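Down below is the structure, laid out as structure tokens.
No value in this document is a laboratory result; all are computed from the given coordinates. Please read all numbers here as calculations on a predicted model, not as lab measurements. Quick reminder, even Gly has a Cβ in these numbers, built from the backbone with ideal geometry, and neighbours come from all protein chains shown.
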Amino acid sequence: MTTKVQVRIRPVRCEAFAAEADATATMYLASRRALMPGVRNPHTEAETRAWMRDVVFTRHSVRLAEVDGDVVGFASRDGVWLANLYVKPGWTGHGIGTQLLRSMLANAAGSTPVLRVSTFARNEKARRFLERRGFRAVGSGDGSANEEHEPDLRYERSTREPA
């Protein structure tokens, strides 16, 4: 059963850029470990933190989910691609992922008619989440195109429909 909590979805604050990038990297690393056990991590923690700060936070459209000042989720979009959507372990099932997705769809609606996302084929929770929110599978890969070398599925959906 999904329990709603008071979540604030917001962009990154310029004055807190470094701290928010670090907090988001910490949450991202914990989420990947907890929700995708067995998936190879091709980067060190330091490399991941640098990527979050120097690539995701500077080049993507980013939204943070915050509860009582704590970053509990984040999403980022790079053009037509939903590049990241992660919720902190212990916070899944509270509607945070759906709120982040709605924010990304609204953010993309003015610039692209579709939003695309790729997820690992073995990530059944992510696949169910996407499919229940209107994404449809449009392709698959054998893992040769991602750093983890995991078979993946590509999804897309219209940005004009409600999530």
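Using each residue's phi in the range 63-74, evaluate 6.51 cos²θ - 1.76 cosθ + 1.60 at θ = phi - 60° and report the 3J(HN,Hα) Karplus result to the nearest Hz, with x for Gly and Pro.
10, 10, 9, 10, 10, 6, x, 9, 6, 10, x, 7
Separation between the Asp54 and Ser144 pseudo-spin-labels, each 7 Å from Cα along Cα→Cβ, expressed in nm?
Placing both labels 7 Å along Cα→Cβ, they lie 3.0 nm apart.
Just to verify a number: FRET efficiency for Asp70 and Arg32, C-beta to C-beta distance, R0 = 25 Å, to 0.05?
Plugging the Cβ-Cβ distance into 1/(1 + (r/R0)^6) gives 0.85.
Which ³J(HN,Hα) values, rounded to whole Hz and listed in residue order, are derived for the range 105-119 from phi using the Karplus coefficients 6.51, -1.76 and 1.60 in 6.51 cos²θ - 1.76 cosθ + 1.60 with θ = phi - 60°, glycine and proline given as x?
So the J values, rounded to whole Hz, are 5, 5, 5, 7, 4, x, 10, 8, x, 10, 10, 10, 8, 10, 9.
For Trp81, enumerate residues with amide H under 5 Å from its amide H, sequence gap 5+ or separate chain, H modeled in the peptide plane.
Residues meeting the criterion, in which the H sits 1.01 Å from N, are Arg116.
Pairs of alpha-carbon atoms within less than 8 angstrom and 6+ residues apart define the contacts here; what relative contact order does the range 1-153 have, in percent?
Details: 210 pairs, mean separation 34.7, N = 153.
Reported relative contact order: 23 percent.
Determine ³J(HN,Hα), in whole Hz, for all residues of the range 8-19 in sequence, where each value follows from phi through the Karplus function 6.51 cos²θ - 1.76 cosθ + 1.60 and θ = phi - 60°; x replaces Gly and Pro.
Per-residue couplings from phi come out as 10, 9, 8, x, 5, 8, 4, 5, 10, 3, 4, 5 Hz.
State the volume of the convex hull built on the alpha-carbon positions of the range 86-163, expressed per residue in Å³ and rounded to an integer.
Hull volume over Cα atoms, normalised by residue count, gives 102 Å³.
Averaging over all projection directions, find the projected area of the Cα convex hull of the range 8-158 and quote it in nm² with one decimal place.
8.5 nm²
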